[in-house]
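*Asks:* First the structure, then my questions, so here it is.
All of the numbers you see were taken from the coordinates with simple rules; none came from a lab. Computed from a prediction, not measured in an experiment: that's the story for all the values here. Cβ sites come from the backbone with ideal geometry, for glycine too, and all protein chains shown count toward neighbours.
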Amino acid sequence: MEPTAVDVRWHLGRTADEALADHARTVAGPDPSAAVAVGRLCPQCGSAAHGRPWVEVRDGYAARRLEVSLARSGPHVVTAVAGHPVGVDVEGVAAVEGGWDPALVLAPGERADSPLERARAWTRKEAVLKARGTGLATPMSTLVLAEVDWEDLPAPDGYVAALSTGAVATRISPAGRAAPSAAATRRTARPGPRR
C-alpha cells in the first residue's frame, strides 16, 4: 500500500473482525498464503477485549502491521486501512440525536443546529480522535473542528460517516446494500492558532 493511500470499505452482514481481516487481506496483496491476524489493544488498561483495532499480515517469515480503523452502526461496518494513522466513524443520525448533549461534543463557539449537523460533528470528531490514537478517552468538546482535518464519507441513508487522515488519496469501496449514497467532501484545516 502506498504510504499516503487510504482504502475505505463498507461491509454488510459481517462481524467487525471479519470485515477488517477481509479488507486487510485484499489490501495486503495477492499472496493467498498470507496470514492475517486481527485484534484489539486498549492503550489505557492493556486489555485485548476492547480498544484500538490492529491487523498484522504475515507473508512467510515477514510480518507487518497495517494502520487500521473500524466503526459499526446498525448493520453497517466501515473499515479503513492505511500506511499511516487513520480514523473512521459511522453513526445513525437518529441514534446521535437520541443521546445528544452539546456540552459533551461541541467546543466553545461551535454549533450544530440540526440532527444531521449534530451527527456530522460527532462522526468528524470521533474519526479525528481515533486517528490520534486516543478515541473517546479525549473529550470531544476539547477538539475544534475548524482546526483539524477530516473528510465526510458517503454513507447509507440515515447514517453519516467521516474519515480523518493526512492522506492525499482515498479509495472508497462500497459493498452490497451498505453502499454509500452520496459524494465525499473534504475539510482541510488551515494553519492557525491552536486552542
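*Asks:* R0 = 22 Å: FRET efficiency of LEU41 with ALA62, Cβ-based, nearest 0.05?
*Replies:* Details: r = 21 Å, r/R0 = 0.97.
For LEU41 and ALA62, the calculated efficiency is 0.55.
*Asks:* While we're looking at this one, here's another question. Please arrange ARG64, ARG25, ARG124 by counting, for each residue, the other beta carbons lying within 10 Å of its beta carbon, fewest first.
*Replies:* Lowest count first: ARG64, ARG25, ARG124.
*Asks:* Moving to a separate point now. With the calculation restricted to Cα positions, what are the radius of gyration and Dmax of segment 76-148 in angstrom?
*Replies:* In Å, with Rg to one decimal and Dmax whole: 12.2, 36.
*Asks:* When GLU151, GLU97 are ordered from fewest to most other Cβ atoms inside 10 Å of their Cβ, what list results?
*Replies:* Numbers: GLU151 22, GLU97 15.
Ordered by Cβ neighbours within 10 Å, fewest first: GLU97, GLU151.
*Asks:* Assign one of three labels to segment 113-153, namely rounded, prolate or oblate, based on the Cα gyration tensor with a ≥ b ≥ c the square roots of its eigenvalues; rounded applies when a/c is under 1.5, prolate when it is not and a/b is larger than b/c, and oblate otherwise.
*Replies:* Working: a/c = 1.76, a/b = 1.51, b/c = 1.16.
Prolate, because a/c is 1.5 or more and a/b exceeds b/c.
*Asks:* So, one more: Taking the number of other C-beta atoms within 10 Å as the exposure measure, put TYR61, TYR159 in order starting with the fewest. Before the final figure, lay out the partial values.
*Replies:* On the way: TYR61 5, TYR159 24.
Listing TYR61, TYR159 from fewest to most nearby Cβ atoms yields TYR61, TYR159.
*Asks:* Okay, moving on. Just to check I understand the Karplus step: with θ = phi - 60° and J = 6.51 cos²θ - 1.76 cosθ + 1.60, what whole-Hz values come out for segment 93-105, glycine and proline as x?
*Replies:* These are the phi-based 3J(HN,Hα) values: 4, 5, 5, 5, 4, x, x, 5, 9, x, 5, 7, 10 Hz.
*Asks:* Continuing with this model, one more query. Per the Kirkwood formula on distinct C-alpha pairs, the Rh of segment 3-113 is how many angstrom? Walk me through the numbers before you get to the answer.
*Replies:* Numbers: mean 1/r = 0.0635 Å⁻¹.
One decimal place: 15.8 Å for the Kirkwood radius.
*Asks:* Can you give me the Rg/Rh ratio for segment 31-88, using Cα atoms for both radii and the Kirkwood formula for Rh?
*Replies:* Numbers: Rg = 12.8 Å, Rh = 12.6 Å.
Radius of gyration over Kirkwood radius for segment 31-88 works out to 1.01.
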